[in-house]
Amino acid sequence: MIDKIKVYIEEVNSFSTNKSDELEAFKNKFLSKKNGIVTNFFNEFRNIPPESKKEFGQVLNNLKNNVEQKYASIKESIEQQADSNIDIDLSLPGENIILGSLHPVTVVRRQILDIFEKIGFVTIETPEIDDDWHNFTALNFPPEHPARDMQDTFFVEKNPDVVLRTHTSNGQIRFMEKHKPPFKVVIPGRTYRNEDISARSHFMFHQIEGLYVNENVSFIDLKETLLFFAKEFFGPKSKIRIRPSYFPFTEPSAEADVTCSICDGKGCNVCKYTGWLEILGCGMVDTNVLENVGIDSKKYSGYAFGMGIERITMLKYGIKDIRYFFENDLRFLSQFQNL
Ligand code: PHE
């Protein structure tokens with residue numbers, strides 16, 4: 001009986017076909033539950049004398065494995081052949097590929113930086129995780145001063161000295177500690193505040209800081225720079241308005257508004273019918289700040305400003321909810337594809 005099985009093994013090994021029906025017949029001949037050759041041999045098993053059972057089993061298993069392998073390999077080659085026989089119509093239009101695009105925050109960050117680079121500002125980057133000195137103390141926030149409460153701070157690992165920066169103004173200190181005036185820099189970056197998420201505020205956002213220090217820098221320089229920016233970014237008809245404000249690191253401090261570009265200053269729901277949009281905080285660098293970084297405040301003066309990228313993007317494009325920026329919904333993001 002074992003010899004008979006060996007003959008079948010040879011038959012299986014030399015079998016070949018390229019037709020599916022022949023292949024199926026081959027499989028049935030050996031493996032069919034009813035009357036298949038392998039099945040029948042298995043049924044014989046109990047009649048085999050005990051001393052031959054082991055060899056019989058091994059040889060029979062070989063036969064079964066060989067049938068299965070043969071079947072699988074021929075089936076694969078038949079399928080491959082079928083694939084390569086398909087007629088290719090080279091005139092068919094291709095499939096549309098959806099192109100990725102830049103995130104609106106990136107698009108607008110680049111627009112803003114380009115405008116300032118045109119008038120001599122140099123872009124630099126500074127750390128997102130910083131110490132109390134760079135984020136607060138050197139910026140003239142005295143310890144326990146209520147001004148620190150203006151910005152709810154995230155501390156890193158309960159260490160009160162390590163914070164996620166609450167503004168890009170830490171970059172002013174980082175840069176001035178290492179450089180001598182004159183300089184003119186813009187500092188884009190991510191910032192964090194422990195605020196509830198709503199349509200108008202988020203715990204993470206982006207800012208761009210500007211800093212110019214030289215001899216005889218005055219508020220007029222600041223005003224003209226901001227007006228240039230407003231016209232370039234919001235359109236040539238834009239006007240700006242400057243209102244007194246307070247920041248510990250600038251004196252005097254101000255907030256700047258631009259005429260609403262959605263309604264041209266006539267009044268709409270984006271500008272809440274005032275015709276003006278608040279776009280940034282600014283002021284003359286406080287003499288204490290200059291002294292903290294070793295710059296002679298009798299010889300040099302400077303201005304600084306800081307704006308929120310999401311906020312400016314919302315104002316320019318009439319976006320009503322800051323959360324859209326962080327939800328990664330393509331219906332929102334793809335609208336910025338061609339900017
Ligand atoms: N750092 C301030 C803020 O986050 C903005 C600012 C920057 C104000 C520079 C004045 C000068 O609100």
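The values are calculated or read from the model by the stated rules, or taken from the named source; none is laboratory data. Values in this document were obtained by computation on a predicted structure and should not be read as measured data. Here the Cβ is made from the backbone with ideal geometry for all residues, glycine too, and neighbour counts use every protein chain on show. Areas reflect the complete protein model, heavy atoms only, side chains present, ligands, DNA and RNA absent. Shrake-Rupley method; radii C 1.70, N 1.55, O 1.52, S 1.80 Å.
Near LEU60, within a Cβ-to-Cβ distance under 14 Å, what is the net charge of the other residues, with Lys and Arg +1 and Asp and Glu -1? Walk me through the numbers on the way to the answer.
Working: positive: LYS4, LYS6, ARG46, LYS53, LYS54, LYS64; negative: ASP3, GLU44, GLU55, GLU68.
Charge balance in the 14 Å sphere: +2.
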Which helices, taking whole DSSP H runs in the chain, have alpha carbons extending 18 angstrom or more along the helix axis plus mean Kyte-Doolittle at least 1.0? none
Between ILE98 and ASN61, take the C-beta separation as r, use R0 = 56 Å, and let me know the FRET efficiency to the nearest 0.05. 0.60
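What accessible area per residue comes out for the chain, rounded to a whole number of Å², with a 1.4 Å probe? Walk me through the numbers before you get to the answer.
Numbers: 19440 Å² over 339 residues.
About 57 Å² of surface per residue is accessible.
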Going highest first, how would you order 226-235, 7-16 by mean Cβ packing within 10 Å? 226-235, 7-16
At 7 Å along Cα-to-Cβ for each site, give me the label-to-label distance between ASN328 and ASN216 in nm. 5.4
If amide hydrogens are placed 1.01 Å from N in the peptide plane, which non-local residues have theirs closer than 5 Å to the one on MET204? ARG193
Enumerate cysteines in the chain without a disulfide-compatible partner, where compatibility requires another Cys Cβ under 4.7 angstrom. CYS282
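Suppose the chain between SER52 and ILE78 were pulled fully straight at 0.36 nm per residue; how much longer would it get relative to their current alpha carbon spacing? Write down the numbers at each step before the final one.
Numbers: separation 26, 0.36 × 26 = 9.36 nm, distance 3.91 nm.
Between SER52 and ILE78, full extension yields 5.5 nm more.
Rounded to the nearest 0.05, what FRET efficiency do MET204 and GLN337 have when you use their Cβ-Cβ distance and R0 = 30 Å? Before the final figure, lay out each step's value.
Numbers: r = 24 Å, r/R0 = 0.79.
Computed FRET efficiency for MET204 and GLN337: 0.80.
Compactness ratio of the stretch 1-91: Cα Rg over 2.2 N^0.38 Å, N = residue count? It would help to have the intermediate numbers written out before the result.
On the way: Rg = 17.2 Å, N = 91, 2.2 N^0.38 = 12.2 Å.
Rounded to two decimals, the normalised Rg is 1.41.
Which percent of the accessible heavy-atom area of the stretch 1-140 goes to carbon and sulfur, probe 1.4 angstrom? Mind dumping the intermediate values first?
Working: 4820 of 9460 Å².
About 51 percent, which is the carbon plus sulfur part of the accessible surface.
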When the C-alpha atoms of the stretch 15-162 are aligned to their principal axes, what extent does each axis show, in angstrom, from largest down? 99, 57, 22
Can you give me the long-range amide H partners of ASP286? Hydrogens built in the peptide plane at 1.01 Å from N, cutoff under 5 Å, separation of 5 or more residues or another chain. THR250, GLU251
Distance-filtered residues of the stretch 75-110 - backbone nitrogen under 13 Å, label point 7 angstrom along ASN13 Cα→Cβ: none
Among residues other than SER101 whose Cβ falls under 15 Å from its Cβ, what is the net charge (Lys/Arg +1, Asp/Glu -1)? +2
Column: log10 I(q)/I(0), Debye, Cα scatterers of the chain, q = 0.12 Å⁻¹: -0.89
Which whole-number percent is the relative contact order of the chain (Cα, under 8 Å, 6+ apart)? 15
